[in-house]
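Worksheet: the structure to be examined is printed underneath.
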Amino acid sequence: MENMTLIVSDRSLKTGLPDCGDTVLIDLTKQGIRNCMGCFGCWTKTPGRCVIRDDAVRIYPLIARSRRLLYVTRVRYGGYDVPMKTLLERCIPVQQPFIRIVDGETHHVQRTVVPKEAVILAYGTRDAEERALFRRLTARNARNMNFAAWRVVFCDETAVESQLRKELAAWENS
């Protein structure tokens, strides 16, 4: 799956998705993902592998290998909502404990993470201030997770699926 498009959604999607080659959909509502314990076992005890054995150990390698990544997430208080935040915290095994400087900020050195094009499809924002805060958060995440290109697309909750189809069609046509 070297040209994999990965969609990670914090909500069940009701409509069919256009084919973008190797497309994998992860519905976080159907996954059993426990909270990170902060034990750093993925760096010291079992480098590159989380010591918690649940569905996250199957998902974070897909995130690392994908060429195109689309997160569908509700925004809460300027950040990712709980299901997406829980998963992203469990992606620490794809990073090494070493630090690098990127644009004057400290970020982790990645293990084998493919540079990727990413879209964060965000819904549920209340105002411009919350959207600006979320953009700042995702910009830092993008630098840390080896995103070659990324953007945030805000939409109303009722338009998530149509916006998702639009984003996938744009990738298919590029």
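The numbers here are math on the coordinates, done by the rules we state, and not lab data. No experiment lies behind these values; they were computed from the predicted model shown. When we count neighbours, we look across all protein chains shown, and the Cβ atoms used for this are built from the backbone with ideal geometry, even at glycine.
Remarks
- Distant-in-sequence amide H partners of residue 96 (H built 1.01 Å from N, under 5 Å): 109, 110, 111
- Neighbour count of at most 11 Cβ within 10 Å plus DSSP loop: longest trypsin sites (Lys or Arg not before Pro)-free window in the chain: 54-125
- A cut-off of 5 Å between modelled amide H atoms, ignoring neighbours fewer than 5 places along the same chain, links residue 125 with 75.
- Calculated from backbone phi, Karplus (6.51, -1.76, 1.60) coupling profile of the stretch 128-144 in Hz, x at Gly/Pro: 5, 5, 5, 5, 5, 4, 5, 4, 5, 4, 5, 5, 5, 4, 4, 5, 6
- The rule of thumb for compact globular proteins, 2.2 N^0.38 Å, goes into the C-alpha radius of gyration of the stretch 50-106 1.29 times.
- Relative contact order [Cα under 8 Å, 6+ residues apart], the stretch 25-77, whole percent: 28
- Straight-distance crosslink candidates among lysines, where the alpha carbon sits under 20 Å from residue 30 and sequence neighbours closer than 8 are dropped: 14, 85
- Build a GNM of the chain with springs between Cα atoms under 10 Å apart, and of 127, 55, 27 the one that fluctuates most is 127.
- Summarised as an ellipsoid, the chain has semi-axes of 25, 18, 17 Å, derived from the eigenvalues of the Cα gyration tensor scaled by 5 and square-rooted, with the largest first.
- Using C-alpha pairs below 8 Å separated by at least 6 residues, the relative contact order for the chain is 24 percent.
- For the stretch 116-155 and the stretch 75-89, distance of Cα centres in Å: 12
- Ellipsoid equivalent to the stretch 1-90 - semi-axes via the Cα gyration tensor, in Å: 23, 17, 11
- The stretch 74-135: Rg to Rh, with Rh as the Kirkwood radius over Cα pairs: 1.02
- Label zone at residue 159, where the point sits 7 Å out along the Cα-to-Cβ direction: the stretch 62-105 residues whose backbone N lies under 19 Å: 71-76
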